[in-house]
Amino acid sequence: MHGNYNGKYQTRIIDASGNEFLATKSQIGNSASSRYSESDFIQNVPINANLYFNKLPSGVNKLRVIKISLYNSEKMMLSKLDLTILM
């Protein structure tokens with residue numbers, strides 16, 4: 001899962017007002033980096049994944065879409081999400 005890898009592979013979110021924010025870091029399990037994180041997945045065993053964004057205004061609490069950049073230029077898109085901001 002990419003955070004911001006070479007400016008080419010970027011995970012980003014768009015809030016309900018249409019503002020775009022780029023991920024600054026991704027984390028899967030213990031693997032974390034501003035470029036990308038990776039892990040071997042075990043079937044039917046959950047693992048935590050986190051994405052980090054800088055300069056996200058405190059009033060943003062809904063996302064229109066999150067576009068997650070994955071290995072080999074694959075992408076996953078999730079839409080209409082409620083947002084939890086952790087400080």
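The values are calculated or read from the model by the stated rules, or taken from the named source; none is laboratory data. Keep in mind the model is a prediction, meaning the values are calculated, not measured. Every residue, glycine among them, receives a Cβ derived from its backbone with ideal geometry; neighbour counts consider all protein chains shown.
Here's a check for you: in the range 13-52, which residue that is buried (at least 17 other Cβ atoms within 10 Å of the Cβ) and touching a residue at least 40 places away in the same chain (Cβ under 8 Å) is farthest from Y71 (Cα to Cα)? If we take residues in the range 13-52 being buried (at least 17 other Cβ atoms within 10 Å of the Cβ) and touching a residue at least 40 places away in the same chain (Cβ under 8 Å), then D15 is farthest from Y71 (Cα to Cα).
Scanning the range 1-12 for residues that are surrounded by fewer than 19 Cβ atoms within 10 Å (Cβ to Cβ) and part of a loop (DSSP other than H, G, I, E, B) yields N6, G7, K8. Given (1) at pLDDT 80 or above; (2) in a loop (DSSP other than H, G, I, E, B), identify the lone condition not met by R64. All conditions are met except number (2).
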